[in-house]
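The block underneath contains the structure these notes are about, expressed in structure tokens.
The values are calculated or read from the model by the stated rules, or taken from the named source; none is laboratory data. Not measured: the values here are computed from a predicted model. Cβ coordinates were reconstructed from backbone atoms using ideal geometry, including for glycine residues, and neighbour counts include every protein chain displayed. Surface accessibility is based on the protein's heavy atoms, side chains included, excluding ligands, DNA and RNA. Shrake-Rupley method; radii C 1.70, N 1.55, O 1.52, S 1.80 Å.
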Amino acid sequence: MSRSRHVARLLGSSAVVAALLLLGGVIANGSISAFSSGHDDAPGACESQSVDAPGRGCAKALEKLFEQGKQVFRYDTFGDEDFWGGQLQLHKAIEGATLGGVGGGVSPKTALTAAGLKVDVDALPNDLVAALKAGKVDLDSPATTLALLKLNAVVGVKGFFDTGGSLTSVGITCALCHSTVDDSFAPGIGKRLDGWPNQDLNTGLIVSLAPNLAPMAQQVLGSGNPAAIDTLKKVLLSWGPGFYDAEVNIDAIGFKQDADGNTMIGGDGKPESAATRIPAAYGHLGENFHTWTGYFGDVTYWNAYVANLQMHGNGNFNDSRFEFKLPNGKYKYPAAIRGRFNKLRHEPDQVTSKLAPLHYYQLSLKPPTPPSGSFDRTAAAQGEKIFNGKGRCSDCHMPPLYTDAGFNSHTPEEICLTNSKGEIDTFQADRGPRGLNPGSLVTPQLNGLWARSKRGFYHDGRFPTLSAVIDHYNSCFGLRLSPGQKSDLVEFLKSK
């Protein structure tokens, strides 16, 4: 028996592990539902008159809400397998021609390295863990990938199989982009870290593998012909690991533009990517705008936006701001209008009922504490004084939230942001549904900064180090920080 067939048999015999992971969830309409048949439709944990009641009624209700949100975050596809599998046929690229799909398929080695996917070690049965340690699992075989999908072990990716065990579709969950693992077993394999951005995830590469990109090209670019599909692939492949463009399928702008709307060309002679860093989903309790671009909304707005418009779940969504027209009479968001994103409807709605527990779960995720020894405590203490004093950092990054209290966004001009032509760089700021207001960028909260810095700093990763960020503001605001003060400030930021 080949090694890949052996591991497929081994994993198939342990499918009960996947069932245990659901923690009481039920399968409904092809996706994981975290709710029992007795779920109360009213969002929240307890009514006002119960807050001071004896006992732990409200506390238990909060625990239940937390668990519901965790199940949604980790396992719910919102029915998006209808898009990724049903329309784009992505599952066929995963399984490969040998197993009934197309192409060479996606092996675990490719998934973990090139694609940046992660594997939940707690979803693996003990005999498989032992086989992996002994080097007896074929990590070059797509059959092994399918077996891992059957175990629900690939973080953020859910496979759908027929009664004969063949992969019939694939969907994605919130955890695909906003969870990683601690690498405790091996690189890319470990315990889940919910809320941490997957800084290795090459979303564009993964999507580009789909055999049928015509539906996406039609919605984004207005055409599903071969030329449009080729353009779409170039856009997707420009993103790279840890980056994603959450606006391209509303404004149809695939690459960064200058002040006159011309495509920016980088030093390598290629169009500059319009993608931004995948944001963290932890540490957002108490803040206003979420992610990078002003005027979109808070965490729960983004949950609805992503579940419906990015994951392509089957839900309902409203945003009349997508109907805004430019002075030339054209829609600012033509792709959103093509997709009817301004007033999206599905029956049944598989998203809206899950937004409240999902919101609660995400707001419950505290920023991770920096590892012991990862920064100089003495220097950090001095750096905190600079942060709150001469450095003026706390003018916007207000402790303890470390973002603005209130309207937490600023115009690019306020923060001296320029593009490669030396112009004030309003590109990303202007992509928000700002109406006639100046475009703005969100002030990111700084807690847990160390766990989301692999791809640089700022929305587009333009500053490779914290020192580069400090140098920028030192020049922008004329702070006249000494080398020692800059160094201390770096240590303080590393301590967050």
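Please verify whether Glu423 is in contact with a Pro (Cβ under 9 Å, 6 or more places away or on another chain) and surrounded by fewer than 16 Cβ atoms within 10 Å (Cβ to Cβ), treating the condition exactly as stated.
On the way: in contact with a Pro (Cβ under 9 Å, 6 or more places away or on another chain): no; surrounded by fewer than 16 Cβ atoms within 10 Å (Cβ to Cβ): yes.
Here the answer is no, as Glu423 does not meet what is asked.
Apart from one condition, Val351 fits all of (1) open to solvent by 40 Å² or more (accessible area, probe 1.4 Å); (2) under 27 Å from Ser320 (Cα atoms); the exception is (1). Picking from residues in the stretch 475-494 that are free of Cβ contacts under 8 Å to residues at least 60 places away in the same chain and either closer than 16 Å to Ala380 by Cβ or surrounded by 18 or more Cβ atoms within 10 Å (Cβ to Cβ) (or both), the one that is nearest to the chain's Cα centre (by Cα) is Lys486.
Taking the stretch 249-306 as the region of interest, how many residues are among the aliphatic types (A, V, I, L, M) and surrounded by fewer than 17 Cβ atoms within 10 Å (Cβ to Cβ)? Lay out the reasoning, then the answer.
Filtering the stretch 249-306 for residues among the aliphatic types (A, V, I, L, M) gives 250, 252-253, 259, 264-265, 274-275, 278, 280-281, 285, 299, 304, 306.
Then keep just the ones that are surrounded by fewer than 17 Cβ atoms within 10 Å (Cβ to Cβ); that gives 259, 265, 285.
Going through the stretch 249-306 one residue at a time, the tally reaches 3.
Within the span defined as the stretch 380-401, every residue fails to be in a loop (DSSP other than H, G, I, E, B) and within 20 Å of Phe243 (Cβ to Cβ). Quick check on my filter: what residues within the stretch 189-217 are within 17 Å of the chain's Cα centre (by Cα) and among the charged types (D, E, K, R)? Answer for the stretch 189-217, where residues must be within 17 Å of the chain's Cα centre (by Cα) and among the charged types (D, E, K, R): Arg192, Asp194, Asp200.
Every residue, every condition in (1) modelled with pLDDT of 95 or more; (2) touching a Phe, Trp or Tyr at 6+ places or on another chain (Cβ under 7 Å); (3) hydroxyl-bearing (Ser, Thr, Tyr), yes or no:
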position	(1), (2), (3)
Pro43	no, no, no
Gln49	no, no, no
Arg56	no, no, no
Phe73	yes, yes, no
Asp82	yes, no, no
Gly103	yes, no, no
Thr110	yes, no, yes
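Mind listing whichever residues of the stretch 205-222 are outside any helix (DSSP H, G or I) and farther than 22 Å from Val102 by Cα? Gly222 - this is the single residue of the stretch 205-222 that is outside any helix (DSSP H, G or I) and farther than 22 Å from Val102 by Cα. What are the residue pairs meeting all of these: first residue in the stretch 151-168, first residue farther than 22 Å from Gly116 by Cβ and part of a loop (DSSP other than H, G, I, E, B), second residue open to solvent by 10 Å² or more (accessible area, probe 1.4 Å) and not acidic (Asp, Glu), Cβ atoms under 9 Å, and 6 or more apart or on different chains? Partner pairs satisfying both residue conditions: Asp162/Thr168; Gly165/Ala8; Gly165/Gly12; Gly165/Leu146; Gly165/Lys150; Ser166/Leu99; Ser166/Gly100; Ser166/Leu146. Just so you know, in the stretch 210-248 the residues that are over 22 Å from Phe296 (Cβ atoms) and among the β-branched types (Val, Ile, Thr) include one that is least open to solvent (accessible area, probe 1.4 Å), and it is Ile229. Residues in the stretch 223-257 that are of a type outside the set (Gly, Ala, Ser), closer than 25 Å to Lys330 by Cα and in a loop (DSSP other than H, G, I, E, B): 5 in all.
Candidates in the stretch 312-348 are the residues that are open to solvent by 90 Å² or more (accessible area, probe 1.4 Å) and in a loop (DSSP other than H, G, I, E, B); of these, the one that is farthest from Pro43 (Cα to Cα) is Asn328.
Under 23 Å from the mean Cα position of the chain (by Cα) and open to solvent by 30 Å² or more (accessible area, probe 1.4 Å): is that true of Thr418 in this structure?
Values: under 23 Å from the mean Cα position of the chain (by Cα): no; open to solvent by 30 Å² or more (accessible area, probe 1.4 Å): yes.
The answer is no for Thr418.
For the stretch 367-385, indicate whether the set of residues that are hydrophobic (A, V, I, L, M, F, W, C) and either closer than 29 Å to Ile253 by Cα or out of contact with any helix residue (DSSP H, G or I) (no Cβ under 9 Å at 6 or more places or on another chain) (or both) is non-empty. Looking through the stretch 367-385, none of the residues is hydrophobic (A, V, I, L, M, F, W, C) and either closer than 29 Å to Ile253 by Cα or out of contact with any helix residue (DSSP H, G or I) (no Cβ under 9 Å at 6 or more places or on another chain) (or both).
Answer yes or no as to whether Asp395 is open to solvent by less than 40 Å² (accessible area, probe 1.4 Å) and of a type in the set (Asp, Glu). First the steps, then the outcome.
Values: open to solvent by less than 40 Å² (accessible area, probe 1.4 Å): no; of a type in the set (Asp, Glu): yes.
So Asp395 fails the test.
Among the residues of the stretch 354-376, those identified as among the small types (Gly, Ala, Ser) and either open to solvent by 40 Å² or more (accessible area, probe 1.4 Å) or at positive phi (or both) are Ser364, Ser372, Gly373, Ser374. Checking the stated criteria, Gly86 turns out not to satisfy the condition of being at positive phi, of a type outside the set (Asp, Glu) and touching a residue at least 24 places away in the same chain (Cβ under 8 Å). Within the bounds of the stretch 437-453, is there any residue that is among the basic types (Lys, Arg), more than 30 Å from Glu67 (Cα to Cα) and open to solvent by less than 30 Å² (accessible area, probe 1.4 Å)? Taking every residue of the stretch 437-453 in turn, none turns out to be among the basic types (Lys, Arg), more than 30 Å from Glu67 (Cα to Cα) and open to solvent by less than 30 Å² (accessible area, probe 1.4 Å).
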